[in-house]
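Here the structure comes first, spelled out in structure tokens, and everything after it is commentary.
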Amino acid sequence: MVARQCRHMTSDRVTIVANGRVIDPANGRDGIADVAIAGGTIVAVEPGLAQRRPGAEIVDAAGKLVTPGLIDLHTHVFDGLGDFCLPADRVGVESGVTTVVDAGTAGAAIFNLARRAVIDHPATRTRVLALLDPNQIYLATKHFICHYLEIANDERNLDLEDAARVLRENADVVVGMKVRATYTTDPHRSPFLEGAKSIAGDLPIMVHMGEFPHTPVITTDDLLSSLRGGDLITHCFRASSGVLGDDLKPTAIFRDALERGLLLDIGHSAGDFHFGTARHLIGLGIMPNTISTDLNVFNVDHPVRSLPLTMSKIWALGVPLDAVVAMVTVAPARTIHREAELGSLSPGRCADISLLRVVEGRQVLSDGYETITAERWLEADGCWRAGEWIAARAPSLERAA
Ligand SMILES: [Zn+2]
């Protein structure tokens, strides 16, 4: 599918993104270098290319960060399906993000419409992938309609044979499943999670930490015990999630799950990321695997805005910049088993490249509850998507007084 999404770029003209700080954790690179692009593909990454390629188009990236195309692993971008989603390009390329993963906005019976309307739509410039909700009818809406109508906890809404068919037929864009771990009769077991596990194969399952209105979910202990290595919990740094005991240390069940390979995803959202929890867990050495936004209509204006701003918050908590970049490039690519195609600047790859800048100056960053003051933050200048430059248009922050 990468070939398909790169195919429209047939120009052999060479563009060189010159003199930027290239941070490509997949290849262990962090230093000044040039990146050459031709025909929608990365052809070389090394210092001094610009001098050796007369006639190439030179883009001066001095003072900027050049990274593999950013990947936002938790978004809601099936715009027009319900009233919860944002336009894919607002979350994606207009924020400097080349790949977004829609996290379970749509169930199996609705998925093909979402695919046609957004993922495959010729006007969509962002690479859109998806995590499928196993229910026949799941639709994320502002008022949680599938929870309000109690079909998110009704096993009659599950048709695992059909969900498996949708996974199979859309294997080029469906990279895992998103499960709401509601229960029906046994409060320790979610038939939706167990059903997803029975058809997911080695695809990852993302589960939201926390509750939903109207429908009960299994406890955090039961959830952590049920997830497999390679599965992930999103909203991992929310408050009072149940991963810590009364002594504020990780519970034995949480430690076991991490040892099994459970992955932690930020999924910032409007109320699901707390600086306090993040500081505490990072202080214990429990790092997020991936940084994602959970961008939707409720949080786009405040407090989330964009993936680069969410990265800035993790950076402001003391996580080194190259690790922050890894959490939005190689780490999400590995999580969805697309590391052979996405998340690095290796020559031969589709030219999905992000161009960021570090803005020096005081900035107040909010998690929706608490604010912290950072000394610098990240803004997107834009990105190359399959070699085509797209300037960022998402609103930027003003310097604090
Ligand atoms: Zn979400």
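The values are calculated or read from the model by the stated rules, or taken from the named source; none is laboratory data. Remember, predicted model here, so these are calculated numbers, not experimental data. Here the Cβ is made from the backbone with ideal geometry for all residues, glycine too, and neighbour counts use every protein chain on show. Note: accessible area is taken over every heavy atom of the protein model, side chains too, but ligands, DNA and RNA are not part of it. Shrake-Rupley method; radii C 1.70, N 1.55, O 1.52, S 1.80 Å.
Test of understanding: what is the full-extension gain from Glu388 to Asp60, defined as 0.36 nm times their sequence separation minus their Cα-Cα distance? Please report the intermediate quantities before stating the final value.
Numbers: separation 328, 0.36 × 328 = 118.08 nm, distance 1.59 nm.
So the chain would gain 116.5 nm between Glu388 and Asp60.
With an 8 Å cut-off on Cα pairs and a minimum separation of 6 or more residues, tell me the relative contact order of the chain in percent.
20
Note the full-extension length gain between Tyr369 and His121 as 0.36 nm times their separation in residues minus their Cα-Cα distance, in nm to one decimal.
On the way: separation 248, 0.36 × 248 = 89.28 nm, distance 3.72 nm.
Value of the extension gain: 85.6 nm.
Using a 10 Å Cβ count of at most 14 others and DSSP loop calls, identify the longest part of the chain lacking such GluC sites (Glu not before Pro). Mind dumping the intermediate values first?
On the way: sites that count: Glu150, Glu211, Glu370, Glu398.
In the chain, the maximal stretch lacking such sites is 212-369.
At 1.4 Å probe radius, can you tell me the per residue accessible area of segment 70-335 in Å²?
Value for segment 70-335: 35 Å² per residue.
With Rg and the Kirkwood Rh both taken from Cα atoms, where does Rg over Rh land for segment 31-159? Mind dumping the intermediate values first?
Values: Rg = 20.0 Å, Rh = 17.1 Å.
That ratio equals 1.17.
In nm, what is the difference between 0.36 nm times the number of residues separating Glu194 and Asp322 and their Cα-Cα distance?
42.4 nm
What is the helix-to-structure angle for 191-200, meaning the angle in degrees between its Cα long axis and the longest Cα principal axis of the chain, kept from 0 to 90 and rounded to the nearest 10?
With both axes taken from Cα atoms, the answer is about 40 degrees.
For segment 10-45, state which trypsin sites (Lys or Arg not before Pro) are in a DSSP loop and have at most 14 other beta carbons lying within 10 Å of their beta carbon.
Arg13
Can you list the lysines whose alpha carbon is less than 28 Å from that of Lys142, not counting same-chain residues fewer than 8 positions off?
Lys178, Lys197, Lys313
With labels modelled as points extended 7 Å from the Cα through the Cβ direction, what inter-label distance (nm, one decimal) is found for Thr141 paired with His302?
Those two pseudo-labels are separated by 2.8 nm.
With the crude spin-label approximation of a point 7 Å out along Cα→Cβ, what separation in nm comes out for Glu259 versus Glu169?
So the label points at Glu259 and Glu169 sit 4.4 nm apart.
Could you compute how fast the chain diffuses translationally, taking Rh as the Kirkwood radius over C-alpha pairs and applying Stokes-Einstein at 25 °C with viscosity 0.890 mPa s? Give it in µm² per second.
The estimated diffusion coefficient comes to 115 µm²/s.
Quick one: if you stick a label point 7 Å off each Cα along the C-beta vector at Asp12 and Arg376, how many nm between them?
The two pseudo-label positions are separated by 4.1 nm.
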